[in-house]
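Shown next, in structure tokens, is the structure this report addresses.
What follows draws every value from the coordinates through simple rules; no lab data is involved. This one's a predicted model, so the numbers in the text were calculated from it and none came from an experiment.
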């Protein structure tokens, strides 16, 4: 996945990243994040407009966020410019980093998990409980690994 500018009509809503997120989710879970009626660029816009936060990070040793839809930026109270500079570990409080590391390792080994819940923190320091989240590996058709993504179905302020 490449580092791209904020998803918008001018870049096909981060087409390359969005397509890897969508196709990996489908391949690993057997489900679709968006309605299957969407095709081409409509798929990428539908992901950006999805009512649930979707975020991804790259495959670096200290992964940085590299995609978020509008709901994700809103939930994490962060701008696109701040988001793409942020190591994903900062979305969790320091005291739960070991839990987060175990989660990411389990996802790496299994391909995805569909029962994640935990506390996350926004860029402004607001805490919220995530429930019913799915976290998955981002892989292409050849099995090349690009990082991980998450969809957060339930977020409750704490």
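Structure above, values below:
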read-out: Extension gain from residue 115 to residue 141, taking 0.36 nm per residue of separation minus the Cα-Cα distance; value: 6.9 nm
read-out: Computed Kirkwood radius, in angstrom, where 1/r is averaged over Cα pairs of segment 77-158; value: 13.6 Å
read-out: Values of log10 I(q)/I(0), in the order q = 0.13 Å⁻¹, for the chain under a Debye, Cα-only, solvent-free model; value: -0.53
read-out: Stokes-Einstein D in µm²/s, Kirkwood radius over Cα pairs - segment 28-96 at 37 °C with 0.692 mPa s viscosity; value: 247 µm²/s
read-out: Zero-based 5 Å bins, Cα pair distances in segment 1-60, whole percents; value: 4, 19, 31, 28, 14, 4, 0
